[in-house]
Amino acid sequence: KARPKIIPSLLSLSAQSITWTFDVLFYTKDPRRTPSDRPFVLYPYERDLVQDLDTRLAAGNDLLIEKSRDLGGTWVTLCWLLWHWRFDKSFNAIVGSRLEDLIDEKGNLDTHFERLRWECRHLPTWWLPDKFDLETHIQLVPFSERTHIPYMRLMRPDSDNTIVGSAVTEDFSRQGRYNVAFMDELAACEHAEGAWTATADSAPMRLAVSTPKGLGNKFAQLR
């Protein structure tokens with residue numbers, strides 16, 4: 001069916017401002033509060049982080065994020081990736097952690113791709129990309145969680161933009177080319193050294209994100 005006229009203006013507003021998108025459209029979850037599904041209104045330090053992420057992406061520079069629990073670092077990064085997946089003409093990212101089970105497990109909101117699924121469920125349907133006939137604006141392929149967010153993968157029906165997941169091993173990211181390589185909890189990854197070397201050739205922007213875990217690890221060396 002044809003797209004209502006109001007949608008392009010709201011979609012354009014979202015495309016023009018990632019922080020507006022966070023404040024108005026994105027959600028986060030805090031099971032300790034009621035209701036637990038909370039609008040993702042950015043704190044000042046989160047707004048600074050989003051702006052820093054965009055600056056580093058534009059310049060092709062790496063970024064290290066030293067985080068504490070409950071400060072929203074992973075949620076912010078995942079939603080930032082989601083926004084660029086939606087609005088950049090060509091955007092591919094890889095998301096990693098020390099084990100595949102920490103990256104994706106259906107129903108487990110502590111995993112990265114289940115968070116992306118959850119986020120997409122909370123977004124208005126007009127925000128998610130569909131494949132339309134450019135002349136008639138008739139929907140050809142609607143976005144579907146089952147089809148477009150399978151195991152460790154977020155795909156678009158209308159372009160090649162993709163976010164994929166992989167355990168952080170010596171071969172992390174070697175088989176692809178990405179705009180961003182996001183390595184979560186890098187301090188706990190056994191093969192962080194090899195993965196960091198591998199991503200130097202596969203992604204111009206590398207995100208090393210972790211809570212500290214002593215000095216004897218790659219994250220501490222980078223820090």
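Side notes on the structure shown:
- Looking across the range 203-223, the residues that are in contact with a Gly (Cβ under 7 Å, 6 or more places away or on another chain) and in a strand (DSSP E or B) come down to 205, 209.
- Any pair with Cβ under 9 angstrom, 6 or more apart, that starts in the range 111-126 at a residue that is without any contact (Cβ under 8 Å) to a residue 24 or more places away in the chain and ends at one that is outside any helix (DSSP H, G or I) and open to solvent by less than 10 Å² (accessible area, probe 1.4 Å): 111/97; 111/103; 111/104; 114/104
- Scanning the range 196-223 for residues that are small (Gly, Ala, Ser) and over 19 Å from the mean Cα position of the chain (by Cα), we see that the one that is surrounded by the most Cβ atoms within 10 Å (Cβ to Cβ) is 198.
- Residues located in the range 195-223, provided they are in contact with a helix residue (DSSP H, G or I) (Cβ under 9 Å, 6 or more places away or on another chain) and either hydroxyl-bearing (Ser, Thr, Tyr) or without any contact (Cβ under 8 Å) to a residue 40 or more places away in the chain (or both): 196, 210, 211, 213, 214, 215, 217, 218, 220, 221
- Filtered residues of the range 87-104 (kept if part of a loop (DSSP other than H, G, I, E, B), open to solvent by less than 70 Å² (accessible area, probe 1.4 Å) and closer than 23 Å to residue 53 by Cα): 88, 91, 103
- Candidate set: the range 154-194, residues that are crowded, with 17+ Cβ neighbours inside 10 Å and acidic (Asp, Glu); chosen: the one nearest to residue 63 (Cα to Cα): 184
- Residues located in the range 9-31, provided they are in contact with a Lys or Arg (Cβ under 9 Å, 6 or more places away or on another chain), at pLDDT 95 or above and open to solvent by 50 Å² or more (accessible area, probe 1.4 Å): 27
- In this entry, residue 107 is excluded by the filter for residues that are small (Gly, Ala, Ser) and part of a strand (DSSP E or B).
- Among the residues making up the range 110-132, those that are within 18 Å of residue 11 (Cα to Cα), open to solvent by 40 Å² or more (accessible area, probe 1.4 Å) and either assigned to a loop (DSSP other than H, G, I, E, B) or modelled with pLDDT of 95 or more (or both) are 121, 122, 125, 126.
The values are calculated or read from the model by the stated rules, or taken from the named source; none is laboratory data. Owing to the predicted nature of the structure, the values given are computational and were not obtained by experimental measurement. So basically every Cβ, Gly included, is an ideal-geometry build from the backbone, and we count neighbours across all protein chains shown. These accessible areas exclude ligands, DNA and RNA; they are computed on the full protein's heavy atoms, side chains included. Shrake-Rupley method; radii C 1.70, N 1.55, O 1.52, S 1.80 Å.
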